[in-house]
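Notes to accompany the following structure.
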Amino acid sequence: HPRLLHVRTAHPILSSAIDPVYDHQAAAEFLDSLLVRRDYAIGRDKLFGILGNPRNYPTAKLYLLQSASFGYAPAETLLGLMHEKGWGVAKNYTIATSLLMKAASQRYAPAYLLLGDMNAKGHGVGVDVKQARTFYEHAMNNSEVGSLPFKAAKRGLRSLRE
């Protein structure tokens, strides 16, 4: 919802009354955030073929790029995943790592998790167990105990010990 600023009116009778005035900057930011989330949701649904729809990588990429252009970490993470797996784009670990690092810089646990997986598997960087451990720990520290990213990071740490 747009933030309301309360200002005193200059009207002689209503001089003590407070009139709400919309903060148009806040309203625009709110609308942008809704559109960014909508674009992300459409991109995610197209990427994974949710609701019985077939996967559509080109459409997913289009919507995720739009959302990621606003720095939205979940969109950056899914784009990173697309580049890591080669889903609808050329497989490119450098681009994947860059996108995931942007999302991780916002403390987004799934991005840390994917970076941990890439380091554990040697995707683009060679196997780096120490770095994988660090990313898995960050994923756990930035997610709720018991959540999917937390559990997956815990499994990742366990697999590094084996």
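Here are some notes:
- Accessible surface comparison of 136, 93, probe 1.4 Å, protein chains only, largest first: the order is 93, 136.
- With all protein chains in place and ligands, DNA and RNA left out, the 1.4 Å accessible area ranks 154, 61 as 154, 61, largest first.
- Computed with every protein chain present, the accessible area of residue 78 is close to 20 Å² [probe 1.4 Å].
- Shape of the chain, Cα gyration tensor, a/c cut at 1.5: prolate
- Extension gain (nm, one decimal) between residue 25 and residue 151, 0.36 nm per residue minus Cα-Cα: 41.4 nm
- Only protein heavy atoms count here; under a 1.4 Å probe, residue 89 has an accessible surface of about 20 Å².
- Gyration tensor (alpha-carbon) shape descriptor, the stretch 77-162, a/c threshold 1.5: oblate
- Probe 1.4 Å, all protein chains present, accessible-area order of 115, 51, largest first: 51, 115
- Accessible area of residue 94 (1.4 Å probe, protein heavy atoms only, ligands and nucleic acids ignored): about 110 Å².
- Averaging Cα coordinates gives a centre for the stretch 22-63 and one for the stretch 100-155; these two points are 24 Å apart.
The values are calculated or read from the model by the stated rules, or taken from the named source; none is laboratory data. Keep in mind that this is a model prediction, so the values were computed, not measured. Just so you know, the surface numbers come from the protein's heavy atoms only, side chains and all, with ligands and any DNA or RNA stripped out. Shrake-Rupley method; radii C 1.70, N 1.55, O 1.52, S 1.80 Å.
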